[in-house]
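Here the structure is laid out as structure tokens; the discussion comes afterwards.
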Amino acid sequence: MTRLPGWDRALECTRALLDRKAYDLVVLETGNVSSIADYFVICSGRSDTQVQALAEAVEEQLGQQGARPLAVEGLQHGQWVLVDYGDVVVHIFYVPVRQFYDLERLWTRAPRVELPEPFQSQARSQKTGTEGR
């Protein structure tokens with residue numbers, strides 16, 4: 001099975017997250033400002049259970065493409081789960097934890113990626129009202 005390029009992998013993560021009703025989803029292009037990853041996919045869940053389900057959905061979706069994460073951190077507690085695919089790192093936060101760490105502010109030099117349709121419309125419709133704070 002061929003390896004997905006970074007952008008396609010980020011879109012597959014986005015698909016899995018939005019299908020499971022992730023909130024406030026953004027994709028940051030981090031490749032030009034860091035060697036950590038090419039993309040950060042950041043979203044929120046409204047409970048620790050939803051955060052865990054979102055992480056599992058990403059693993060399942062990418063697993064169907066033959067991709068396995070290099071690491072998964074925080075799944076047991078469901079407050080901030082990090083799923084690392086090397087070129088794409090997915091950050092799934094419980095809403096109050098996301099507000100506290102405010103990764104978008106820390107990575108302000110990384111541009112937000114405009115998602116293609118239907119992802120953009122779906123992401124826009126799944127907001128908690130806490131994004132951008």
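Results, tabulated for the structure shown:
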{"item": "Per residue Cα convex hull volume in Å³ - calculated over region 7-67", "result": "82"}
{"item": "Dipole moment magnitude, nearest 20 debye, the chain about Cα centre, only Lys, Arg, Asp, Glu C-beta charged", "result": "300"}
{"item": "Hypothetical label at L103: residues of region 65-79 whose amide nitrogen lies under 19 Å (7 Å Cα-Cβ projection)", "result": "68-79"}
{"item": "Distance in nm between pseudo-label sites at E73 and D48 (7 Å out along the Cβ direction from Cα)", "result": "1.9"}
{"item": "Most positive-pole-ward Cα, V58, A22, S34, against dipole of the chain from beta carbon charges", "result": "A22"}
{"item": "At q = 0.18, 0.19 Å⁻¹, base-10 log of I(q)/I(0) for the chain (Debye sum, equal scatterers on each alpha carbon)", "result": "-0.94, -1.06"}
{"item": "Region 7-133: antiparallel DSSP beta bridges as a percent of all, rounded to 5", "result": "65"}
{"item": "Loop-located trypsin sites (Lys or Arg not before Pro) in region 62-123, at most 10 other Cβ atoms within 10 Å (DSSP)", "result": "R109"}
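Only the coordinates and a few stated rules stand behind these numbers; no lab work does. These figures come from a predicted structure and were not determined experimentally. Virtual Cβ from ideal backbone geometry, glycine too; neighbours counted across all protein chains shown.
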